[in-house]
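Q: I have a structure here, written as C-alpha cells, and I will follow up with some questions on it.
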Amino acid sequence: MSNAPRIALGGILTECNQLGGPPIDLDWFVRYDLRRDGEILAMEGGAVGGMLEVLREAGAQAVPLLYASTCPGGYLTAACYDQLKGELLQRLSAALPVDGVLLPLHGSAVAEQTGDLEGDLISAVRQLVGPAVPIVVTLDLHAHVTAAMVRGADALVAWETYPHRDALSTGQRGARLLLEIVAGRCRPTMAMAKVPVVTSGVRGSTEWGDPFGQIMAATKALEGREGILSTSAFMVHPYLDQPGMGSGALVITDGDLPRAKALALDLARQYWDLRFELEPQTYTPEQAVAEGLRLEGGPVILVETGDCCGGGAAGDSVATLKALLGVELPGPALVPVVDPQAAALCHKAGVGAQVEVELGHHLDPRWGTPVRVQGRVLRLGDGRFRYLGGIWGGTEGNMGPAAVLEVGQIEVLVATHPTYDWMDEQFVALGMVPKAAKFVVAKNPMNYRQAYGAFAREAFVLDTPGPTPPTVRQVQYKRLARPYFPVDEQIAGLEPVMLSKED
C-alpha cells in the first residue's frame, strides 16, 4: 500500500416505492444530483462531503467514480440502473488498484429487474476489487438490510437522526472507519439482527420522544464501549415489497463476532417490545378538518402521509383538498399537488387569469380521481428552490414550472415534478406563507414537525389512499410473507433473524 491510500468513492442514492409512485429514469437524477470526477470532489455537504473532508484531513487520495442521487419515486427503470451501475463499475475498473472503497447508498432502492439494488451494486464492486480491499457503505436508517449487503461490505454505517440531519457526519464516520481498516488498526466483524416489524415513519423520530428514538439511543450507547466500532438502528422502509423485510440493529465489533451477534439480538428484541407504540393515531381528512375548524387560530397541519414524495409517492393526491373544498374556511389553506398538466395550463393562461382544471391523480391514478376546480392564477415560478438542510442541504431542488392557484380561500401549489420535503422551501419559493394559514397540508410523515412545530396550532395524521400510508395494516404485499407486525400482533416463538458473513 502507498503512503497515501487511494480510496474510490461513488454511489447511487435514492429510496424506492414498490406500492406506487412514478418510475425513476435518468432525468430524475439530472434534476437533482448527478456528478462525476471533479464535480464529486467539489461536494461539501451530505455523506459525500463528509467522506471527502476526512480523506483530505488524512492525506488520502479520493478517486471519484460516479455519484447519482434523487428524490424518492417508484422503481428505477432497468435502463437507468444499467447505465448508472455500468458507468460506476467502468470507472472503478479503470481506477484499479485502490486501497478501499466508500459507497454512499440508501439501502431501500430497487430497479425494474433488481429487487436489492444496493446488494447487487455492493456485490459487483466486491467482484471487481477482490476479497482483500475493504468496502464501507453508508446507509439511510430506513434501509432494508439484506444478506447480500452484509456479505459484500466490510462495514455498513447508518444515519443516526430522523429527520435526517447527519448525512455529513455519517459520511465522516464511514470514511474514518474505512481508513482504520486500511491501516490495519481494526478487523471489523458485523452482525445484523431484525424482527418482522414494518411500520411507517410517523412515530420514528429520534428527536421528539418517539419509540424509535429509544431504540436509537440504546443502540448508539454501545459505541462508547471498548471493541465496538460502530452501531446502527434500522426502521425498515415499509413501502418496499421484498422478502425478509424487518427492523432492528447492526453492530460492528473489532474481531468479536459472537459479541456483535449478542448485542444486535438484544436490541432487536427491544425493538419488538416497542412495536405497538410505533403505530400512529389517524383521522380521515373530513374528521381532521372538522377538528381543526373547532380550534382557535392556526395553522392546523393536515399530514397527508399517504402521498409523501419523500417516500416515493407521486405527490398528486387531492384527497385532503377535496375535504377542504367541502367546508367554509375562516382563513387560507395551503395545499401542494403535483400535476404537470395543470401547471402547464396555469403558465399558458398567465398570472391573474381564471382557469378551470381537472386537478390531481394524473401521475399515479390508482389512488383516487381528479377534482374539477375553478380558480385564479395567483403566482407563477420556475419551481427552483434551495434545500435548507437534510440529505440535499444546500443543493437545488426543482419542481419544474409551478403555479399558485387560488380557489376561494385555498392556495394550491401546483408543481410539475415531485420533490422531497425538508422544511417549507417549496411553499416559500412560490411566495406562500404557512404561518399565516388556517390549514397547511404537509405530505411528509416526519419533517412537518421541524417545519411547523414551533408555531402550529395542532397536527393531524391522515389516513388517505396512497402508496405511503401511515400504517401498512391494509397493504397487500406480494413478496413479503407473513407473519409481520402490525398485521400479526403476536408471533409465537419469534426469534430475530441474524445476518452475518457466517450466516
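Q: So in the range 1-33, with the set limited to residues that are more than 20 Å from the chain's Cα centre (by Cα) and in contact (Cβ under 8 Å) with a residue 60 or more places away in the chain, which one is surrounded by the most Cβ atoms within 10 Å (Cβ to Cβ)? Before the answer, list the steps.
A: Here is the first cut: in the range 1-33, the ones more than 20 Å from the chain's Cα centre (by Cα) are 1-9.
Then keep just the ones that are in contact (Cβ under 8 Å) with a residue 60 or more places away in the chain; that gives 1-2, 5-9.
Details: Met1: 11, Ser2: 9, Pro5: 18, Arg6: 17, Ile7: 25, Ala8: 26, Leu9: 28.
This residue is Leu9.
Q: Here is a further query. Of everything in the range 106-118 that's surrounded by 23 or more Cβ atoms within 10 Å (Cβ to Cβ) and small (Gly, Ala, Ser), which residue is nearest to Glu160 (Cα to Cα)?
A: Ranking the qualifying residues of the range 106-118, first place goes to Gly107.
Q: A follow-up question, please. Quick one: would you say Met423 is in a loop (DSSP other than H, G, I, E, B) and either over 17 Å from the mean Cα position of the chain (by Cα) or under 21 Å from Arg294 (Cα atoms) (or both)? If you could, list the steps in order and put the result at the bottom.
A: On the way: in a loop (DSSP other than H, G, I, E, B): yes; either over 17 Å from the mean Cα position of the chain (by Cα) or under 21 Å from Arg294 (Cα atoms) (or both): no.
In short, no.
Q: Can you tell me which residues in the range 52-68 are part of a helix (DSSP H, G or I) and not charged (D, E, K, R)? I'd like the intermediate steps shown before the answer.
A: Filtering the range 52-68 down to residues part of a helix (DSSP H, G or I) leaves 52-58.
The answer is Leu52, Val54, Leu55, Ala58.
Q: Also: In the range 211-244, what residues are in contact (Cβ under 8 Å) with a residue 12 or more places away in the chain, assigned to a loop (DSSP other than H, G, I, E, B) and either surrounded by fewer than 24 Cβ atoms within 10 Å (Cβ to Cβ) or of a type in the set (S, T, N, Q) (or both)?
A: Within the range 211-244, Gly227, Asp241, Gln242, Pro243, Gly244 qualify.
Q: Quick check on Leu178: is it surrounded by 23 or more Cβ atoms within 10 Å (Cβ to Cβ), touching a residue at least 60 places away in the same chain (Cβ under 8 Å) and not β-branched (Val, Ile, Thr)? It would help to see each step written out before you state the result.
A: Working: surrounded by 23 or more Cβ atoms within 10 Å (Cβ to Cβ): yes; touching a residue at least 60 places away in the same chain (Cβ under 8 Å): yes; not β-branched (Val, Ile, Thr): yes.
Criteria met by Leu178.
Q: With the structure loaded, tell me whether Met498 is touching a helix residue (DSSP H, G or I) at 6+ places or on another chain (Cβ under 7 Å), in a loop (DSSP other than H, G, I, E, B) and of a type in the set (A, V, I, L, M) or whether it fails that test.
A: Numbers: touching a helix residue (DSSP H, G or I) at 6+ places or on another chain (Cβ under 7 Å): yes; in a loop (DSSP other than H, G, I, E, B): no; of a type in the set (A, V, I, L, M): yes.
Criteria not met by Met498.
Q: Out of the range 34-61, which residues are buried (at least 22 other Cβ atoms within 10 Å of the Cβ) and under 18 Å from the mean Cα position of the chain (by Cα)?
A: Listed by number, the residues that qualify are Gly46, Ala47, Val48.
Q: Let me ask something else. Filter the range 275-293 down to residues that are surrounded by 17 or more Cβ atoms within 10 Å (Cβ to Cβ) and either among the aliphatic types (A, V, I, L, M) or assigned to a strand (DSSP E or B) (or both), then give me how many there are.
A: The number of residues fulfilling the criteria is 4.
Q: Then there's this: Return the only residue of Gly375, Gly389, Gly394 being more than 18 Å from Ala313 (Cβ to Cβ) and in a strand (DSSP E or B).
A: On the way: Gly389 fails: in a strand (DSSP E or B); Gly394 fails: in a strand (DSSP E or B).
Just one listed residue meets the conditions, Gly375.
Any read-out appearing in this document is the output of simple, stated calculations on the displayed coordinates, not a laboratory observation. Note that the structure is predicted; figures quoted are calculated from it, not measured. In this analysis, Cβ positions are derived from the backbone assuming ideal geometry, glycine residues included, and neighbour counts consider all displayed protein chains.
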